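Taking it in order: structure first as structure tokens, then the write-up.
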Amino acid sequence: MADDIASTYGPEPMASLTATAQELVLSGTRGTFRVPRSAVTRLGRGKMYPWFFAALRIHHSVAGYPDALQFKPQPGHWRDVLARLKSLGYPTG
């Protein structure tokens, strides 16, 4: 998980992403961020920092949250997570 300031780190997964049709919950050592589906503007590929485009980026309109919320699945691929979220009705692109 990463926000505008830093990312989680360590040899074991340090974050989780839980998704329902109503909201995304990104939780880790950087904090817990609840993003209602109505506030998700787009889901897509992460930025270069910190994982060289290997994460899912959550674009949202929640005031007070970092602009860049990213999640890197371990193990797995961000595109697999994106496909699951798309099946729940989240906007992708």
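The values are calculated or read from the model by the stated rules, or taken from the named source; none is laboratory data. Nothing here was measured: the structure is a model prediction, and the numbers come from that model. Because the Cβ atoms are built from the backbone with ideal geometry, glycine has one as well, and the counts that use them run over all protein chains shown. Side chains included, ligands, DNA and RNA excluded: accessible areas come from the protein's heavy atoms. Shrake-Rupley method; radii C 1.70, N 1.55, O 1.52, S 1.80 Å.
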At 222 nm, what value in deg cm²/dmol follows for the chain if DSSP H runs of at least 4 each add -39500 (n - 2.57) and the sum is divided by all its residues, to the nearest 500? -3000 deg cm²/dmol
Only sites in a loop by DSSP and with at most 14 other Cβ atoms within 10 Å count here; which trypsin sites (Lys or Arg not before Pro) in the range 33-93 make the cut? Lys47
Using the Karplus curve 6.51 cos²θ - 1.76 cosθ + 1.60 with θ = phi - 60°, work out ³J(HN,Hα) for each residue of the range 52-61 in order, rounded to whole Hz, and write x for Gly and Pro. 6, 6, 9, 10, 8, 9, 9, 8, 8, 10
Most fluctuating of Ala39, Ala15, Ala54 in the GNM of the chain (C-alpha, under 10 Å) is Ala39
Give me, ordered by chain and number, the residues 5 or more places off Thr41 or on other chains with an amide H under 5 Å from its own placed amide H. His59, His60, Ser61
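Per residue, how much accessible area does the range 48-93 show when a 1.4 Å probe rolls over the protein heavy atoms, in square angstrom?
Numbers: 2730 Å² over 46 residues.
Accessible surface, normalised per residue, equals 59 Å².
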In whole percent, the fraction of accessible protein surface over the range 16-93 that belongs to carbon or sulfur atoms, probe radius 1.4 Å, stands at 53 percent
Looking at [x] 54, 25, 22; [y] 46, 26, 20; [z] 32, 28, 21, which value of Cα extents along the principal axes in Å comes from a calculation on the structure shown? [z]
